[in-house]
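Heads up: the structure comes next, in structure tokens.
The values are calculated or read from the model by the stated rules, or taken from the named source; none is laboratory data. Here the structure is a predicted model, which is why all the values come from computation and not from measurement. Positions of Cβ are backbone-derived with ideal geometry, glycine not excepted, and every protein chain shown enters the neighbour counts. Please note that ligands, DNA and RNA were not included when accessible areas were found on the heavy atoms of the full protein model with its side chains. Shrake-Rupley method; radii C 1.70, N 1.55, O 1.52, S 1.80 Å.
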Amino acid sequence: MSVEYTDDPHPRNSYWEMWGQPMFDLTPEDAEIVLREVRACREAHPDQYVKLIAYDSTRGRQTTALSFIVNRPVNEPGFRLERTDAHDRVIRYSLASYAVDRPAGRRYNNTASTTTSNGTHQ
């Protein structure tokens, strides 16, 4: 099992921040250990996405068997569809989260002020 968190939930963002170390070779009796880590991560990052990942080593390597989100921000601004016109009338579409318009750490209800390089507060 592993717990990860992020404030950039883009579908192609598969590398989230790790919360602690992955927990291998757990038994069903060790479920409380995993739940304790999930609770701690949710408390530390209440306005970010938190996911739990279950690994499977039956094929001789650690592969993801299951992954699901266990915490979401209260305010999720969503995604926008961006259209790009290319050569020969080719149209390309991509997804962009409204949240990434703000800097990391200030994307979901985080009102902490930051100081810019010229000393002003945002």
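Brief remarks on what is shown
- Rg of the Cα atoms in region 9-76, relative to 2.2 N^0.38 Å, amounts to 1.20.
- Computed on the chain, with alpha-carbon pairs under 8 angstrom and 6+ residues apart, the relative contact order is 23 percent.
- Rounded to the nearest 10 degrees, the angle from helix 31-44 to the longest Cα principal axis of the chain is 30 degrees.
- Fluctuation leader among Arg42, Arg59, Arg89 - the chain, Gaussian network, Cα springs under 10 angstrom: Arg89
- When the Cα positions of His45, Pro9, Phe24 are compared along the charge dipole of the chain, Pro9 comes out farthest toward the positive end, with charges on each C-beta of Lys, Arg, Asp and Glu.
- For the chain, the alpha-carbon coordinates run over 53, 46, 26 Å along the three principal axes, in decreasing order.
- The charge dipole of the chain, taken about the Cα centre with unit charges on the Cβ atoms of Lys, Arg (+1) and Asp, Glu (-1), comes to about 440 debye, rounded to the nearest 20.
- Remark: region 66-79, residue by residue, has Karplus-estimated 3J(HN,Hα) of 7, 8, 8, 7, 10, 8, 10, x, 5, 9, 10, x, x, 10 Hz, where x stands for each Gly or Pro and the curve is 6.51 cos²θ - 1.76 cosθ + 1.60 at θ = phi - 60°.
- Choice from Ile53, Ile33, Ile91 with maximal GNM fluctuation in the chain (Cα, 10 Å cutoff): Ile91
- The chain, accessible surface, carbon-and-sulfur percent (1.4 angstrom probe): 49
- Theoretical ellipticity at 222 nm over the chain - DSSP helices of four or more residues, -39500 (n - 2.57) apiece, nearest 500: -3500 deg cm²/dmol
- Cβ-defined net charge surrounding Gln48, 14 Å radius [Lys, Arg +1; Asp, Glu -1]: -1
- With θ taken as phi - 60° and the Karplus curve 6.51 cos²θ - 1.76 cosθ + 1.60 applied, the whole-hertz 3J(HN,Hα) list for region 54-60 is 10, 9, 10, 10, 5, 9, x Hz, x standing for glycine and proline.
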